[in-house]
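Novice: My structure is below; once you've seen it, I'll send some questions.
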Amino acid sequence: MRLNKTSKKNYLTYAIVIVAYVIMQIVAGGGHLSSSLKGMLVPICAYVVMAVSLNLTVGILGELSLGHAGFMSVGAFMGTTAAIALQNAIPSAPLRLTVALIVGAVFAAIVGFLVGIPVLRLNGDYLAIVTLAFGEIIKSVFNNLYLGIDANGIHMSLLEDKTNLLEGGKLIIAGPMGIGGIKKIANFTAGFVLIMICLVVIFHLVNSRQGRAIMAVRDNRIAAESVGINVTHYKMMAFVTSAAMAGAAGALFALNYSTIVANKFDFNTSILVLVFVVFGGLGNMLGSVIAAAALTILPEALRSFASYRMLIYAIVLILVMLATNNPTLKGFFASLRGRFDKNSEKEASAS
Amino acid sequence: MSFLNFLISGISLGSIYAIIALGYTMVYGIAKMLNFAHGDVIMVGAYVCFLAVSKSGLPPVVGILAAVVVCTVLGMVIEKLAYKPLRQATSLAVLITAIGVSYFLQNAALLLWTPNPKIFPALFARTVDGKKVTGFQLFDGQLRISYVTVITIIACIIIMVVLTLFTSRTRTGKAMRACSEDKGAAQLMGINVDTTISITFAIGSGLAAIAGVLLCSAYPTLVPTTGSMPGIKAFTAAVFGGIGSIPGAFIGGLLLGVIEILAKAYISTQMSDAIVFLVLIIVLLVKPAGLLGKKISEKV
């Protein structure tokens, strides 16, 4: 079977993720992993999913979103709420985790759809600023949301705790205190499976009729519209898929900690994920995976520099952006790649 | 009377947002980039003024001047080192670099000045009978106005007028407008685009320093992240009024400040940010290019 360039690259991405998972499992099994790195495995998975899902919006759809952490927040809060509420109904932890991830994804998708209705009517920087605004609104809402559960069902209130729970009821989301007492049921394997599912979904979407329509909208909206592509429909499709994945990532992330607060998912988190995406290359899923993993570990790896580590992180970020956009270096890499391609072509014709 | 009080403090906060938003909007208009480090330049300005006045005991005017000079130079250096090499790069690459600069400034401030909050000195106060008076009262004490409020509003109006005159009358100002219309054509007309962009950054950063001093005079706690939230809000204000437009930044900033204070006073303190952003979304839905933004129809 001859593989075209795209599917070759997709299989390479799968292979790298699987190999990375196996290596980490072996290293962790041998007990060679430091505890701080071990604790970061699940967050790394969550950030990888966040990065590939944002890459769907920014790289494939071509719209800048500055509020991606908002969807992560929705997934985290709703998924964790589901996990706590179903603690007795579903005793099996992996099954409960699955349900929590699905609940997180569904709620994030619904919010993504509602946010998408106004957002996708705008273009460019105006769209970006409105996603930023929605991210901040979602943060404010969860900071002031009280949600409890008792024999009568679910009670919710905003601003003040007016849930009036019956005896035996439980307040799950406690406004600015967030959710406490979470059972840590997320694990590295679940994170790995989630990454694989997201990659499969994205690659199949991109390679489908719908995916080509989405990319046509990105490349030239007016031309796409004129050949009969329903722009809003396809924009919405990419946006909601991206939001759902971010929701699942949020649920995974939250279920790795014992407490979770809304302020964790602020503007800075959205920007962090955007940095992963741009660093890895727009539309390049493998790049996103590697960038998210590397940049999450980097501050940890710089621990020996103690207080200077974030400063070094910032300098690395600036220098890499300057280097990758330097015309001289770019030309050098292009010529290198050209030579490499020529060689591989020669090999192909020889065989 | 309390409404009037809230309105005045809203206008005062709005004036600060407007001054910051002017920096955003000018840089955006010319370099077509979101300068995320702008909020952190505000913070640097405030720290410089704090160090000059509280630590070195210099008079407030010198402190403010020092802040303006340091920030102007800082803005030009940032532009030269981080943004200029990326003139030809995609706007997202520049955005990430700006975020890198923002992280850098915040963490450098964290190392230089520690995370402990500093209490900003009362710059605008006069001594009456040995006591420091920071404001005056009207209507038998029902209406209290601090000097900071008055100075902020006056400063904002002066800056607005001077900037409008500058961009419409002077050669440099005209060059700036030409660059924002069409860089290539401007270059063909003999305008030095690089210098013009550099001047724009200098003006924007100088304004940021003034905004930082005013902001910290009104809300006197100073930490390395002081600038980031006002920065985001001011950016929102710039978009609100139509990004790239100087009167738009002024109106957007004022409206945003007033809405924020009134929402805090009458609806809910915790939800005020959400309300501000909700108003922004509604405005952008009705007028997709902001209040004073030009609607550019795409030609096919």
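Novice: I need the calculated FRET efficiency for the pair A:K330 and B:Y266, taking r as the beta carbon distance and R₀ as 45 Å, to the nearest 0.05.
Specialist: 0.25
Novice: Note down the magnitude of the dipole of the stretch B:2-286 about its Cα centre, charges +1 on Lys and Arg C-beta and -1 on Asp and Glu C-beta and zero elsewhere, to the nearest 20 debye.
Specialist: Dipole size: approximately 380 debye.
Novice: 7 Å from Cα along Cα→Cβ at both B:R144 and B:K174: what's the point-to-point distance in nm?
Specialist: Simple spin-label model gives 5.1 nm for this pair.
Novice: With a 1.4 Å probe, how much accessible area is buried between chains A and B, both sides summed, in Å² to the nearest hundred?
Specialist: Approximately 3700 Å² gets buried when A meets B.
Novice: Next question, about the same structure. Under a 5 Å amide H to amide H cut-off, with H placed in plane at 1.01 Å, what residues pair with A:I172 once short-range neighbours are removed?
Specialist: Amide H to amide H, under 5 Å and 5 or more residues apart or across chains, A:I172 pairs with A:L147, A:G148, A:I149.
Novice: When all protein chains stay in place, what accessible area (Å², nearest 10, 1.4 Å probe) is found for B:R177?
Specialist: Estimated to the nearest 10 Å², B:R177 gives 120 Å².
Novice: OK, next. Can you find, among A:P43, A:G79, A:V115, the residue farthest towards the positive end of the dipole of chain A? Put +1 on the C-beta of Lys and Arg, -1 on that of Asp and Glu.
Specialist: Final value for the positive-end residue is A:P43.
Novice: Please give the charge dipole size of chain A, origin at the Cα centre, charges +1 on K and R Cβ atoms and -1 on D and E Cβ atoms. Round to the nearest 20 debye.
Specialist: That gives chain A a dipole magnitude of about 1000 debye.
Novice: Go through the stretch B:200-210 residue by residue and turn each phi into a ³J(HN,Hα) via Karplus (6.51, -1.76, 1.60, θ = phi - 60°); whole Hz please, and just put x for glycine and proline.
Specialist: 4, 4, 4, 5, x, 6, x, 4, 4, 4, 4
Novice: May I ask you to derive the FRET efficiency for A:R121 and A:I154 from their Cβ-Cβ distance with R0 = 35 Å, giving the value to the nearest 0.05?
Specialist: 0.60
Novice: How large is ³J(HN,Hα), in whole Hz, for each residue of the stretch A:238-248 in order, when computed from phi with the Karplus curve 6.51 cos²θ - 1.76 cosθ + 1.60 and θ = phi - 60°, using x for Gly and Pro?
Specialist: Karplus values, whole Hz, x for Gly and Pro: 5, 5, 5, 4, 4, 5, 4, 5, 4, x, 4.
Novice: Using a Förster radius of 60 Å, what is the FRET efficiency between B:L65 and A:S35 based on their Cβ-Cβ separation? Nearest 0.05, please.
Specialist: Once the sixth-power term is evaluated, E becomes 0.70.
Novice: Follow-up question, since we're still on this one. Amide H to amide H under 5 Å from B:L143: which residues, 5+ apart in sequence or cross-chain, H placed 1.01 Å off N in plane?
Specialist: B:L138
Novice: A follow-up question, please. Tell me the Rg and the Dmax, in Å, that the Cα atoms of the protein assembly as shown produce.
Specialist: 26.1, 98
Novice: Let me ask something additional. Per residue, how big is the convex hull around the C-alpha atoms of the stretch B:96-209? Give it to me in cubic angstrom, could you?
Specialist: Convex hull of Cα atoms, per residue: 197 Å³.
Novice: Follow-up. May I ask you to evaluate 6.51 cos²θ - 1.76 cosθ + 1.60, the Karplus curve with θ = phi - 60°, for each residue of the stretch B:2-17 and list the ³J(HN,Hα) values in order in whole Hz, giving x for glycine and proline?
Specialist: Karplus-based 3J(HN,Hα) across the stretch B:2-17 equals 5, 4, 5, 4, 4, 4, 5, 5, x, 5, 5, 4, x, 5, 5, 4 Hz.
Novice: Taking springs between alpha-carbon atoms closer than 10 angstrom, which of B:T72, B:T97, B:T195 fluctuates most in the Gaussian network model of chain B?
Specialist: Sorting by GNM fluctuation, first place goes to B:T195.
Novice: Please work out the Cα convex hull volume for the stretch A:5-307 and give it in Å³ per residue.
Specialist: Per residue, the Cα convex hull of the stretch A:5-307 comes to 144 Å³.
Novice: Right, next: For every helix of n ≥ 4 consecutive DSSP H residues, a contribution of -39,500 (n - 2.57) applies; sum these over chain A, divide by its total residues, and give [θ] at 222 nm rounded to the nearest 500 deg cm²/dmol.
Specialist: Helix contribution divided over all residues of chain A: -23500 deg cm²/dmol.
Novice: Oh, and also: In the stretch A:5-307, carbon and sulfur make up what percent of the accessible area (probe 1.4 Å)?
Specialist: Whole-percent figure for carbon plus sulfur exposure: 64.
Novice: Per residue, what accessible area does chain A have, given a 1.4 Å probe and all protein chains present, in Å²?
Specialist: Dividing the accessible area of chain A by its residue count gives 46 Å².
Novice: Right, something else. So, with a 1.4 angstrom probe, what is the percent of accessible area on the stretch B:64-209 that is carbon and sulfur?
Specialist: 64 percent
Novice: For chain B, with a Gaussian network of springs between Cα atoms less than 10 Å apart, report the residue from B:L188, B:L92, B:L254 with the top mean-square fluctuation.
Specialist: Most flexible of the set in this elastic network: B:L188.
Novice: How much accessible surface does A:S36 have with a 1.4 Å probe, in Å² rounded to 10?
Specialist: Taking all protein chains as shown, A:S36 has close to 60 Å².
Novice: Same structure, new question: Among A:I312, A:I18, A:I137, which one shows the highest mean-square fluctuation when chain A is modelled as a Gaussian network with alpha-carbon springs under 10 Å?
Specialist: Taking springs between Cα atoms under 10 Å, the residue moving most is A:I312.
Novice: Now for a different question. Report, in deg cm²/dmol and to the nearest 500, the calculated mean residue ellipticity at 222 nm for chain B, where each DSSP H run with n ≥ 4 adds -39500 (n - 2.57) and the sum is divided by the residue count.
Specialist: Taking each H run of at least 4 residues, the total per residue is -22500 deg cm²/dmol.
Novice: Sticking with this structure for a sec: At a 1.4 Å probe radius, which order do A:L199, A:L205 fall into by accessible area, largest first?
Specialist: Of A:L199, A:L205, the descending order of accessible area is A:L205, A:L199.
Novice: Accessible area per residue of the stretch B:2-286 at 1.4 Å probe, in Å²?
Specialist: The answer is 42 Å² per residue.
Novice: Quick query: amide H of B:G135 versus all other amide H atoms, modeled in the peptide plane; which residues come in under 5 Å with a sequence gap of 5 or more or a different chain?
Specialist: Long-range HN contacts for B:G135: B:Y147.
Novice: If you don't mind, another one. Of B:L34, A:A323, B:M76, which is farthest along the charge dipole of the protein assembly as shown in the positive direction, counting Lys and Arg as +1 and Asp and Glu as -1 at C-beta?
Specialist: Towards the positive end, the residue furthest out is A:A323.
Novice: How high is the relative contact order of chain A, in percent, counting Cα pairs under 8 Å that sit 6 or more residues apart?
Specialist: Relative contact order, chain A: 29 percent.
Novice: Work from the charge dipole of chain B (Cβ charges, +1 for Lys and Arg, -1 for Asp and Glu, about the Cα centre) and give the residue of B:F104, B:F6, B:V193 farthest towards its positive end.
Specialist: Checked the options; the winner is B:V193.
Novice: Once you have the Cα-Cα distance between A:K170 and A:A89, take 0.36 nm times their residue separation minus that, and quote the gain in nm to one decimal.
Specialist: Gain on extension, A:K170 to A:A89, equals 27.6 nm.
Novice: How much accessible surface does A:T259 have with a 1.4 Å probe, in Å² rounded to 10?
Specialist: Here the residue's solvent-accessible area equals roughly 80 Å².
Novice: Report the charge-dipole magnitude of the stretch B:122-247 in Debye, nearest 20, computed about the Cα centre from +1 at each Lys and Arg Cβ and -1 at each Asp and Glu Cβ.
Specialist: With only Lys, Arg, Asp and Glu charged at Cβ, the dipole is about 160 debye.
Novice: How high is the relative contact order of chain B? Use alpha-carbon pairs under 8 Å, at least six apart in sequence, and give a whole percent.
Specialist: RCO, chain B: 36 percent.
Novice: How do A:M156, A:M72, A:M40, B:M76 rank by accessible surface area computed with a 1.4 Å probe, from largest to smallest?
Specialist: Reading off the accessible areas and sorting them downward yields A:M156, B:M76, A:M40, A:M72.
Novice: Semi-axes of the stretch B:2-286's equivalent ellipsoid from the Cα gyration tensor, sqrt of 5 times each eigenvalue, largest first, rounded to whole Å?
Specialist: For the stretch B:2-286, the ellipsoid semi-axes come out as 31, 22, 19 Å.
The values are calculated or read from the model by the stated rules, or taken from the named source; none is laboratory data. None of these values were measured; they are calculated from a predicted model. A quick note on method: Cβ atoms are made from the backbone with ideal geometry, for glycine too, and the neighbour counts reach across all protein chains shown. Each accessible area value is taken on the protein alone, full model and side chains, heavy atoms only, with ligands, DNA and RNA left out. Shrake-Rupley method; radii C 1.70, N 1.55, O 1.52, S 1.80 Å.
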